[in-house]
1. Has the stretch B:330-348 got any residue that is open to solvent by 40 Å² or more (accessible area, probe 1.4 Å) and assigned to a loop (DSSP other than H, G, I, E, B)?
2. Can you tell me which residue in the stretch A:226-237 is farthest from the other protein chains (Cβ to nearest Cβ), limited to those that are open to solvent by less than 40 Å² (accessible area, probe 1.4 Å) and not hydroxyl-bearing (Ser, Thr, Tyr)?
3. Conditions first: (1) within 26 Å of residue B:284 (Cβ to Cβ); (2) in contact (Cβ under 8 Å) with a residue 12 or more places away in the chain; (3) open to solvent by less than 50 Å² (accessible area, probe 1.4 Å); (4) within 9 Å of another protein chain (Cβ to nearest Cβ). Residue B:83 passes all but one, so which condition is the exception?
4. For the stretch A:179-193, how many residues are farther than 27 Å from residue A:81 by Cα and either modelled with pLDDT of 95 or more or within 7 Å of chain B (Cβ to nearest Cβ) (or both)?
5. Before we move on, is residue B:310 outside the structural domain of residue B:112 (by TED's automatic domain parsing), touching a helix residue (DSSP H, G or I) at 6+ places or on another chain (Cβ under 6 Å) and open to solvent by 10 Å² or more (accessible area, probe 1.4 Å)?
6. Name the single residue, out of those in the stretch B:488-535 being under 14 Å from residue B:452 (Cα atoms) and more than 10 Å from chain C (Cβ to nearest Cβ), that is modelled with the highest pLDDT.
7. Determine which single condition residue A:160 fails, assuming it passes every other condition in (1) more than 8 Å from chain B (Cβ to nearest Cβ); (2) under 19 Å from the mean Cα position of the chain (by Cα); (3) open to solvent by 10 Å² or more (accessible area, probe 1.4 Å); (4) within 21 Å of residue B:297 (Cα to Cα).
8. Closer than 17 Å to residue A:172 by Cβ and away from chain B (no Cβ under 14 Å) - does that describe any residue in the stretch C:277-290?
Amino acid sequence: MSKPSRHTGRRHPLMGVLLLVVGLFATGGAYAATSAGIAHAETTPLAAEALVNEGEKLFMANCASCHGMSGEGSEAGPSVIGVGALSVDFQVGTGRMPMAASGPQAAVKPVQFTQPQTDAMAAWVASLAPGPGLPDPQYYDAEGDVANGAELFRVNCAMCHNVAGAGGALTEGKYAPHLRDLQPIHVYAAMVTGPQNMPVFNDMNLSPEEKNDVISYLNYMDENPSVGGFSLGSLGPVSEGLFIWLIGLGGLIAVAIWLTARSN
Amino acid sequence: MTNTLDNTATEPGRGMRFTGWAANYVDERTSASTAVKTLGRKIFPDHWSFMLGEVALYSFVVLLISGTFLTFFYDPSMTEVEYDGSYLPLKGIEMSVAYHTALDISFDVRGGLLMRQVHHWSALLFVAAIGLHMLRVFFTGAFRKPRELNWIVGFLLFVLAMALGFTGYSLPDDLLSGNGLRIIDGMIKAFPVVGVWMSYLFFGDEFPGVDVIQRLYVLHIMLLPAILIATLAIHMVLLIVNKHTQFAGPGRTNDNVVGSPVLPVFAAKAGGFFFLVFGVIMLIASLFTINPIWNYGPYDPSPVSAGTQPDWYIGFADGALRLIPPGWEFVAFGYTWPMNILVPTVVLIVLLVSVALYPFFEAWVTGDKREHHIADRPRNAPTRTGIGAAGVTFYAVLWAAASSDLIATHFGLSIEGVITTLQVLFFVSPVAAYIITKRTCLALQRKDREIALHGYESGRIVRLPGGEYIEVHEQLSDYERWKLLDYTEYQPLTVRPNNQGKITVGTRLRASMSRWFFEDRVEPIGAKELEDSRH
Amino acid sequence: MAQRPPSSDLVTSEMPEENDPGTAVVTSNSVSNPGLEPEHQRVTDLDPREEKKAERRIALFFTLSIVGSLIAAVAYVVFPIIPGDMRSVRLNNMFVGLGLAVGLLGVGIGAVNWAKSLMHGHELVEERHPTRGDEETRKTAVEMFSQANKESGFTRRSLVRNTLVGALIATPIPAVVLFRDLAPAKDPIALMKQTMWAEGVRLAKDPSGVPIKASEVTIGSAFHVVPEGLMELEKHRLEEKAKAAVLLMRLPVDELNESAERASWSYQGIVAYSKICTHVGCPVALYEQQTHHLLCPCHQSEFDVANECEVIFGPAARPLPQLPITIDAEGYLVAQSDFTEPVGPSFWEREL
């Protein structure tokens, strides 16, 4: 049995799909080719100055009301002179800044700026005075010594962030946030810049390699499931106790009521 | 010698014949038939709240089974070794042998983690069930004569269970339980005169020493379980001798027990319940992580985790420590009195002793020396129930204080605010709970009275010929009504002089207690009143 | 019987004490017990088909249990632990556990079902007897004791009895001293008052043991510190650490309120305080660089580093002891002496 011929003189039915795909690739590729330039703007001096200018404009529009027109600070926000590009990358990149309201705790919120915009503001702040810059990517590749990182984490970080990175309470309503599923660069940045009440862990306290070890440990925690089952938030005996009373004992009471009920 | 147990009319099958032979063999050597006769058809009343003690008993059996498995793999030595197991974040880390073997059980023994989780979940359930069981006994007045001694025995079981739990969770020598031991050490050192010496001898050196885990192990697998099993045996024997209490109901009197016989119904239900308790624990242990010791790392006096709490049943002690305001310490004649430790310790001891001695207090107030085998409905003992509610609330405030930092982070509060609020609630909430509970009991009693006399609203509205609408009240059956009627009323004590013509302080005190207990009360309905209401 | 008058201290002679109702109201006016309810028939009692269905259902549960137990045994082999693979551990735990759970729950549900739907459902009555023995038994018991007393002369022979009691009391006395060697023959109080810190001992990082230069401690830093040499100790490392752990921080000099005696204890705004909480000994490790608060996570004691670690909240009674520091010739931070007071929780002999 021969297949009936599909040729009707018209174009192949799938031609339209193919054209669409080609068109998409063409426009996307063109965009990528041109925009790639912006991401690596610091390679040319002219592009670098354009980045700083763009950053200044963004800063004036979104940050100066609290941080001052020259980044000198005000009643509502501290000075950003000398905080470095790394601080900006952290604060803006995690959504902490712009802050919703002045206060002792900047909470993580949806990120409001694109990475290029963040880079621009970081470049402007970095131009105000020397400060911590972005580190060499080898120091946050999460390929470090997980065991050493775990030990350093327990000594330096667990008392605020909890041994499993579940977060913890600080004084007067502040808290150390949980550390799940963070970008390695942001973990590095937090250690270096000491955001808000977090202490500063300079390179003499924790070397760049040691910081990478800590990042590797956090990455290990993210990638490996809780071995015994659901982790109940990794909060320890409190959640375990609540669980056994509500589900364990509660469940067994339900069983006991069934057991002693009259059968129909 | 004939086999006196051959009793079937038809020719018995092989199985039956073997059973008959075996039973005879045993009986001729142990008088087993006497035991069967005494216990075989013993009656046990059926109420779900009577099964809480069973939950405790069965979780203890689960603890014994899972614990035995763990002892085959665990080593309590505090000798330092380098980790060479399979958990990557601890590779090469210095730790005690105890911690190392606990990790091996979790990561390198098949079923090891399961048994660890079964054991720990079961321990949490054990103490919880004991607590709820104690509350049931309290609120139903089942501690009254002749069961006062069994109440004390049960109280001892409660303390032993907590001790077993504490010694047990300290065995892995991890950071969390190690900091718990550090806290206990600090509390021991605070004791006047002998504190430092007690700590030194207990730990076998300065803290942490190299002996304490082994010593806790001996307590945990040998001494405390042996004492607990012996105490449990006394508890069960007294239960059998006194027989179980039962709730008021048709056909139930203070002089009988109504329910199912041990063989076959109660044995099937109780035996089945054991499998259900074990099964529920196993289900939880398969699906929910408990005490992930690998996250905490080995104990070291320098690191600590945010969210450091003991297991739930020690929470009330930890919370008591957290509620003390700053600066409670004084020096007298050169000696230091750390009141910030001593005051919570005394408060906790007073709380526990009050729980243990309550039956004797209530017996003194009522002067009732009869045996009581009918369990009270809590509403029919309003003051006792109010006191119980106040006690539970007091305990709950202390328990909540132990998780003050987690309450703060989860509800967006400050730790200072949470603790200050709990400090106020410490004083205010037990009183409030007492008042609300007692008034609720009295109101419920009045409602019961109404229903017993006039029936309950049926929801049917009837229009009378004269145009009135009434809601028809359904009368209760005699059986239902009896449950509402059968309780004892107590009157406040009338103060009378004794044989020497004096009114002693003791009598005055007893009279005022008695007034507090029984002045506000709802009288049970008498036969005459019931008759009258029918017309 | 007429209503009994309210009770009093006088126990009337005609009422045996064990039946004294105290302040209970005992009246003849009470409603009478209606007796046991009529028997309740279950569907399995009435309909033989229902009975058969129930039997099959119970048997099904027991069969499920068998399957569950077998699954557990098979899962033990089929889900092995691959060393280092956390997923394999989790799967082994879950499947062996779930198999066992089904095995156990199957028996339980089946047995309870059997009892509820098929076993004889009627309630039975058993009579209680007074707990005390009857008069005959009690008399015999008393007679036995008095006979034993007569034969031994226990109450009569006071010398023999009293010396026996004395001997029994004396026997456990050695136990009081027998436990002294639970701990070494040192003076624990003296041990509480000294740590590894001394003049010239360098401050080193925990856990690497590398000494710290003053220039490395920048504003806002928090270093976790042990005495140099502690990490290399063969014995007693944790015991020394439990007293010598220190937290090193740097504050702007103008924010540090130092008293006159302690002005020399810090170095250019760098201060060192004992990390062992003065409440019950947890590590006080949470440092807030902007507020200068130190928080202990165990019971929420708060210390203010800017004001000599005085207690600003929580149950601690005393500030954290300060370690006097300075720098040596090479710029490394060193202690000037040991702590000037015992570290950690308070104890009886602390001030002596």
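The values are calculated or read from the model by the stated rules, or taken from the named source; none is laboratory data. Computed from a predicted structure; not experimentally measured. Glycine also receives a Cβ, built like all others from the backbone with ideal geometry; neighbour counts cover every protein chain displayed. These area figures cover heavy atoms from the full protein model, side chains too; ligands, DNA and RNA do not enter into them. Shrake-Rupley method; radii C 1.70, N 1.55, O 1.52, S 1.80 Å.
1. Initial filter on the stretch B:330-348 (open to solvent by 40 Å² or more (accessible area, probe 1.4 Å)): B:330-331, B:333, B:335, B:337, B:339, B:343, B:346-347.
So of that shortlist, the ones also assigned to a loop (DSSP other than H, G, I, E, B) come out as B:333.
Yes, the stretch B:330-348 contains at least one residue that is open to solvent by 40 Å² or more (accessible area, probe 1.4 Å) and assigned to a loop (DSSP other than H, G, I, E, B).
2. Among those residues, the one meeting the criterion is A:233.
3. Going through (1) within 26 Å of residue B:284 (Cβ to Cβ); (2) in contact (Cβ under 8 Å) with a residue 12 or more places away in the chain; (3) open to solvent by less than 50 Å² (accessible area, probe 1.4 Å); (4) within 9 Å of another protein chain (Cβ to nearest Cβ) one by one, residue B:83 breaks only (1).
4. At the first step, the residues of the stretch A:179-193 found to be farther than 27 Å from residue A:81 by Cα are A:179-181.
From what is left, the residues that are either modelled with pLDDT of 95 or more or within 7 Å of chain B (Cβ to nearest Cβ) (or both) are A:179.
Count: 1.
5. Values: outside the structural domain of residue B:112 (by TED's automatic domain parsing): yes; touching a helix residue (DSSP H, G or I) at 6+ places or on another chain (Cβ under 6 Å): yes; open to solvent by 10 Å² or more (accessible area, probe 1.4 Å): yes.
Spelling it out, residue B:310 is indeed outside the structural domain of residue B:112 (by TED's automatic domain parsing), touching a helix residue (DSSP H, G or I) at 6+ places or on another chain (Cβ under 6 Å) and open to solvent by 10 Å² or more (accessible area, probe 1.4 Å).
6. Filtering the stretch B:488-535 for residues under 14 Å from residue B:452 (Cα atoms) gives B:522-534.
Filter once more, keeping what is more than 10 Å from chain C (Cβ to nearest Cβ): B:522, B:532-534.
Numbers: B:522: 92, B:532: 84, B:533: 80, B:534: 76.
Looking at residues that are under 14 Å from residue B:452 (Cα atoms) and more than 10 Å from chain C (Cβ to nearest Cβ), I get B:522.
7. Failing condition for residue A:160: (1).
8. Residues of the stretch C:277-290 that are closer than 17 Å to residue A:172 by Cβ, as a first pass: C:284, C:286-290.
Then drop every residue that is not away from chain B (no Cβ under 14 Å), which leaves C:289-290.
The answer is yes, given that some residue of the stretch C:277-290 is closer than 17 Å to residue A:172 by Cβ and away from chain B (no Cβ under 14 Å).
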